[in-house]
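The values are calculated or read from the model by the stated rules, or taken from the named source; none is laboratory data. Bear in mind that the values here come from a model prediction, so they are computed numbers and not experimental data. With ideal geometry, Cβ positions are generated from the backbone for all residues, glycine too; neighbour counts draw on all protein chains shown.
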Amino acid sequence: MIRYNPGDIILVNIAFSGTEGYKQRPAVVISTDMFNVAGIKLVVAAVTGNVLPPYRPGDTLIHDWKTAGLLKPSAVRGVIATVDKSDIRCKLGTLAPTDFIKIEQGIADILGFIVSSLSATN
């Protein structure tokens, strides 16, 4: 089975809200290695190609989007979900460490977490 790490960009089937069906969307893995290998789920944050303001709390622009395997300038939204590994279509790439640190801080901010050194505990 493929191993997924924090900062990996994946293409995953996301279920529609309020209706049947799904759509493939990019997402970034935000759960820790320990969580990722322990079961069938991953915790992810939504990735969008809509990079125009207004920005919402937790939105973070991805500066090195090409290296991350994305097709166009993108941002991570402060929208968190759990996904089944079986719903992952493929791994697109991995975020640059500087981008992932900013995303971790954005997620921590919307959850009200105070974190002194992100990524150091992954």
Practice prompt. Filter segment 68-82 down to residues that are free of Cβ contacts under 8 Å to residues at least 40 places away in the same chain and in contact with a Leu (Cβ under 8 Å, 6 or more places away or on another chain) and give me whichever is surrounded by the most Cβ atoms within 10 Å (Cβ to Cβ).
Written response: Ala75
Worksheet, complete the sentence: For segment 31-46 the number of residues that are aliphatic (A, V, I, L, M) and either more than 21 Å from Asp109 (Cβ to Cβ) or in contact with a Leu (Cβ under 7 Å, 6 or more places away or on another chain) (or both) is 5
Worksheet item: Within segment 31-41, can one find any residue that is within 10 Å of the chain's Cα centre (by Cα) and at pLDDT 95 or above?
Response: yes
Discussion item. Considering only residues that are more than 14 Å from Ser74 (Cα to Cα), in a helix (DSSP H, G or I) and among the β-branched types (Val, Ile, Thr), which ones fall in segment 93-117?
Written reply: Thr98, Ile101, Ile107, Ile110
